[in-house]
Amino acid sequence: MVEKNGNLSINSENIFPIIKKWMYSDHDIFVRELISNGCDAITKLKKLDMMGEYHVPEDNKFQIQVIADPEKKTLKFIDNGLGMDADEVEEYINQIAFSGATDFLAKYKDKTNEDQIIGHFGLGFYSAFMVAEEVHIDTLSYKKDAQPVHWECDGGTEFSMKEGSRTEVGTEITLFLNEDCYEFSNEYRVREVIEKYCSFMPIEIFLSKEGAEQEYETIEENELLDTDTVTETIQVEAKMEEKENEDGTKEMVEVSPAKKQYKIHKRPRPLNDIHPLWAKHPNECTEEEYKEFYRNVFRDYKEPLFWIHLNMDYPFNLKGILYFPKINTKYDSIEGMIKLYNNQVFIADNIKEVIPEFLMLLKGVIDCPDLPLNVSRSALQNDGFVKKIADYITKKVADKLSGMCKTERETYEKYWDDISPFIKFGCLKDDKFCEKITDYILFKNLDGKYFALPDALKVNDEIEKKDAEAAEDADNSEEKVEVVNADGTDAKEADNMDTEEKEPEKRTIFYVTDEVQQGQYIRMFKEQGLDAFILDHDIDTPFIQQLESKNEKIKFQRIDTDLTGEFKEETNQEEMKEIVDSLTEIFRKALKNDKLDVKVEKLKNVDVSSMVTLSEESRRMQDMMKMYNMYGMDSSMFSGSETLVLNANHALVKYILENRDSEYVPMMCEQLYDLAMISHKPLQPEEMSKFIKRSNEIMMLLAK
């Protein structure tokens, strides 16, 4: 061939600075690009062999060789693919951004499958100049009578091309590394990058160090291959052990026969798995294979709960495996990772255009050859096709969960506490997912039993029924008192009028957020045969608000928000008004809080002296602020919004009412208030110190 020097055909001025600094976010990605190009070249040659346009020798083993040379500061990428002739080098290399895969597909579009070609040879090759000050190409085309070509460029727009010396079909690319990129001549650094980007590429990848000493390994005779280089034959003697017979005599017996072993040149091991688990049909995969794949890919040695194997061919090609890991109890500690591949080539982690945000809590791999990548393969074009992929993934996850709830209810319940944060987050972030999964959201009651939302409503019907019966009994009581409003109208009539105008009452679902803190209320519920559900995760507050917004006929209420009628005795309103006024005055004076909200009830449980209730709205605002670390606003906005509930049936409350002038009453009021607060929320450090000191004083009084 005629030697040639010239200028690269570049449509964009100063493209090399752009390539070096902006085309790829991570400089190590050049390894992926050059190995991908080698895979392309081999895949194309395989296709030509299948179509009868080229004959691959029987002893040929397709592979990519990567050779690091720390002495010369070079890195080589060698493939035995279809290679290039001078015209192709001119076309694919000298004219930047021309895609060799595009041209190949145009020529063989009726004979091959587009999905099998990775194909971005143009700019992908030039990623080498991000780390190299000079690049050489030595290539020999598969075509008959083709001449080898040598091409080199120092990173400017000038190149030189002449006849080369390569004798085998394929391409060898040599990178002479920049001073600040010498790290890539280190074998271990290159191994790290290959494992990051190329662990599942479809062609075997081998890494070696230039000039490294020959390594050896010892194998058994039955493991010896014709291709092994044997350097030594080792005769292993039979292993004998002394054995005692039943009659007490001893003899030597053979426990391992004599055998031969062979010392051979250490076999090269590919760094990648060319048949990843996701590429197989789900019926071909075992449970242990799924778990082993999970351990290897994510370095997580805790077993996943379960997984979903995605396998779709139409209307787009998508395969993958999504794992549900064991999720921590705190919302802000949930971290997942979805690795995105294109024809087994790693693209990036957690690309939000393809993977719905709530799925980022999972771990998994997704391989979609149809993804519309840009020139660097590092990002996606945000179009309708990508949205269809995201919608499909969402649907498959929802189908898996709903199917498990229907057919494997026991298993679904076993996993629920771990997967509920993920499902609830999904409902908050994705309306379609929420629609599909709402009826399969479980609620755990106080006895540890699980109910789906429709069943949870039935459980709480019993509470409403008992409340209605209590209200009816109160209306029929002979001791009822007529109450007249300030305008002279009958209060009951006004209430009836308001009821007619109001919308139907919402069905209430009672819940608990802390079984220890709200233990007193739980005991009262259980004593009356009532039930509630445990919602103790940070995400539950926004989640139940969303459920309420989408289901107007239901409302959630924490069990310490108010006392239902089932807990109270029937009372004479006029008599209770006097008690309320007296106790309110006493407690406000003792606690030096003239705005304290006091409520007095005759509770059936005489052991309960005092309680604190907080409106559902106020409590949710507090929870939301805690979730977003807005603690400063918590105390200033909601301080004093709690209601102190006193039990008129309790001996201490009766004593305070009957002995309001006693010197001990202020101390008793403070103690009852703090006891109520402790069952509501933790006391502040200063409040706790006063409570402990006061408790000691009370015990000293008893000791006198």
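Using a simple spin-label model with pseudo-atoms 7 Å out from Cα toward Cβ, Asp399 and Ile692 lie 6.0 nm apart. Using C-alpha pairs below 8 Å separated by at least 6 residues, the relative contact order for region 29-90 is 39 percent.
At full extension, Lys681 and Leu225 could sit 156.9 nm farther apart than now, given 0.36 nm per residue minus the alpha carbon distance.
Given a Förster radius of 41 Å and the C-beta distance between Glu246 and Glu303 as r, what FRET efficiency does 1/(1 + (r/R0)^6) yield to the nearest 0.05? Between Glu246 and Glu303 the formula returns 0.30. If you take the Cα centroid of region 590-621 and the Cα centroid of region 220-283, the two points sit 77 Å apart.
So, R0 is 45 Å and r is the distance between the beta-carbons of Asp26 and Lys506; what FRET efficiency does that work out to, to 0.05? Here the calculated transfer efficiency is 0.25.
For Glu204, the residues whose amide H sits under 5 Å from its own are Ile64, ignoring neighbours fewer than 5 places away on the same chain, with H placed 1.01 Å from N. Note on Arg523 and Ser582: the model spin-label points, each 7 Å out from Cα along the C-beta direction, lie 2.7 nm apart. In this view, the solvent-accessible surface of Met252, computed with a 1.4 Å probe and all protein chains in place, comes to about 110 Å². Label-to-label distance for Glu410 and Met699 is 5.0 nm, based on points extended 7 Å past Cα in the beta-carbon direction.
Among rounded, prolate and oblate, which fits region 174-319 when a ≥ b ≥ c are the square roots of the eigenvalues of its C-alpha gyration tensor, a/c under 1.5 means rounded, and a/b larger than b/c means prolate? In terms of gyration-tensor shape, oblate.
The values are calculated or read from the model by the stated rules, or taken from the named source; none is laboratory data. In this text, all values refer to a predicted model and were calculated from it rather than measured experimentally. Neighbour counts run over all protein chains shown; Cβ positions are idealised from the backbone, glycine included. Side chains included, ligands, DNA and RNA excluded: accessible areas come from the protein's heavy atoms. Shrake-Rupley method; radii C 1.70, N 1.55, O 1.52, S 1.80 Å.
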